[in-house]
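J.: Below you'll find the structure I mean.
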Amino acid sequence: MPIGTTLSELRAMFRAEIGAEISETISPSEVARQNRLLSNQQFWLASQHAFLLGKARVEVALTVGTRYYTFPTTTIDQDRLDKPVYVKDGSWRYSLDYGIGDEHYNLFDSAVPDTSHPGSRWQRIDVSGARKIEVWPVPSVAQTLLLNGRLPVSAMTVDGALCVIDDQLIMLLTAAEYLARRGDKDAQAKLVKAQSLLNSLRASSGSKYETFSLAGSGCDLLDRDRRRPVVVRPTSGIVGD
């Protein structure tokens, strides 16, 4: 029951399950349709059951004076990020709150930019039609944004495309729907097998993707007992808090 199966192999599994000819030369017009059915099924499963997706961890380098950063959409799903997001400043990790408003720009104006470290807040924002990450305050020293979440899901359109969800689950659910549309009595049996597999995967997901929480492990920008923020203003040099 692996992930990482190619679309061509997934399609062969599907064709065998629905009783179609294994040789695609007999019905080549069906290939594109079956590709779309299998790809759509993977998208649907990912939208309903995030635990089926493998975990992803991505680091984004934050550079001095830079306000916006490109979102690494090919390596992590931007809509399934673990909370909170952290920034690493030196050897410390600080949790970032989401959302940057005018009240924050009154403290550190990112347009100037007023710079500081460590980061305190972040948000996703559209910049000239592109989805970007904004970090506030603008970094005054190099830092690292730490993103944890799930693998992204892309359309499977070419034979070498790899599935990121259990291949048997994709195949069985697609077969059940395909056979039900044809009124085939085997549809229910495929659905029962798919549901049993889904339950098994859900039950085992805790051991595969075990997480833990350590209360108070993150540091806030204004936690004066642990670290004083350093503010750099272009017109006046370095100013302490």
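The values are calculated or read from the model by the stated rules, or taken from the named source; none is laboratory data. Small disclaimer: the values here were computed from a predicted structure and weren't measured. Because the Cβ atoms are built from the backbone with ideal geometry, glycine has one as well, and the counts that use them run over all protein chains shown. Accessible surface areas use protein heavy atoms only, side chains included; no ligands, DNA or RNA. Shrake-Rupley method; radii C 1.70, N 1.55, O 1.52, S 1.80 Å.
J.: So how many residues does segment 1-37 have that are open to solvent by less than 30 Å² (accessible area, probe 1.4 Å) and among the basic types (Lys, Arg)?
T.: Total satisfying the criteria: 2.
J.: Of (1) open to solvent by 40 Å² or more (accessible area, probe 1.4 Å); (2) more than 16 Å from SER140 (Cβ to Cβ), TRP92 satisfies all except one. Which?
T.: With respect to (1) open to solvent by 40 Å² or more (accessible area, probe 1.4 Å); (2) more than 16 Å from SER140 (Cβ to Cβ), TRP92 is out only on (2).
J.: How many residues does segment 118-143 hold that are open to solvent by 20 Å² or more (accessible area, probe 1.4 Å) and more than 23 Å from the chain's Cα centre (by Cα)?
T.: Adding up the residues that qualify gives 3.
J.: Also: Any residue at all in segment 38-47 that's farther than 27 Å from ARG131 by Cβ and either at pLDDT below 95 or crowded, with 18+ Cβ neighbours inside 10 Å (or both)?
T.: So far as segment 38-47 goes, yes, one or more of its residues are farther than 27 Å from ARG131 by Cβ and either at pLDDT below 95 or crowded, with 18+ Cβ neighbours inside 10 Å (or both).
J.: Restricting segment 190-220 to residues that are modelled with pLDDT under 50 and of a type in the set (A, V, I, L, M, F, W, C), which is nearest to LYS88 (Cα to Cα)?
T.: Looking at the filtered set, the residue picked out is CYS219.
J.: Restricting attention to segment 59-76, which residues are open to solvent by less than 20 Å² (accessible area, probe 1.4 Å) and within 15 Å of the chain's Cα centre (by Cα)?
T.: VAL60, PHE71, ILE76 - these are the residues of segment 59-76 that are open to solvent by less than 20 Å² (accessible area, probe 1.4 Å) and within 15 Å of the chain's Cα centre (by Cα).
J.: Looking at segment 149-187, which of its residues are part of a strand (DSSP E or B) and either surrounded by fewer than 17 Cβ atoms within 10 Å (Cβ to Cβ) or among the small types (Gly, Ala, Ser) (or both)?
T.: Those that are part of a strand (DSSP E or B) and either surrounded by fewer than 17 Cβ atoms within 10 Å (Cβ to Cβ) or among the small types (Gly, Ala, Ser) (or both): GLY149, LEU162.
J.: Can you name the residue in segment 101-117 that is in contact (Cβ under 8 Å) with a residue 40 or more places away in the chain and surrounded by 15 or more Cβ atoms within 10 Å (Cβ to Cβ) and, of all such residues, is nearest to TYR69 (Cα to Cα)?
T.: Among those that are in contact (Cβ under 8 Å) with a residue 40 or more places away in the chain and surrounded by 15 or more Cβ atoms within 10 Å (Cβ to Cβ), it is SER110.
J.: Restricting to segment 29-51, name every residue that is among the small types (Gly, Ala, Ser) and under 15 Å from the mean Cα position of the chain (by Cα).
T.: Result: ALA46, SER47, ALA50.
J.: Every residue in segment 129-148 that is hydrophobic (A, V, I, L, M, F, W, C) and not in a loop (DSSP other than H, G, I, E, B), please.
T.: ALA130, ILE133, VAL135, TRP136, VAL138, LEU145, LEU146, LEU147 - these are the residues of segment 129-148 that are hydrophobic (A, V, I, L, M, F, W, C) and not in a loop (DSSP other than H, G, I, E, B).
J.: With at positive phi and either of a type in the set (S, T, N, Q) or modelled with pLDDT of 95 or more (or both) as the only criterion, which of SER140, SER128, SER95 stands out?
T.: SER128
J.: While we're here: Which residue, of ALA16, ALA20, ALA32, is in a helix (DSSP H, G or I), within 26 Å of SER196 (Cβ to Cβ), modelled with pLDDT under 95 and hydrophobic (A, V, I, L, M, F, W, C)?
T.: The match here is ALA16.
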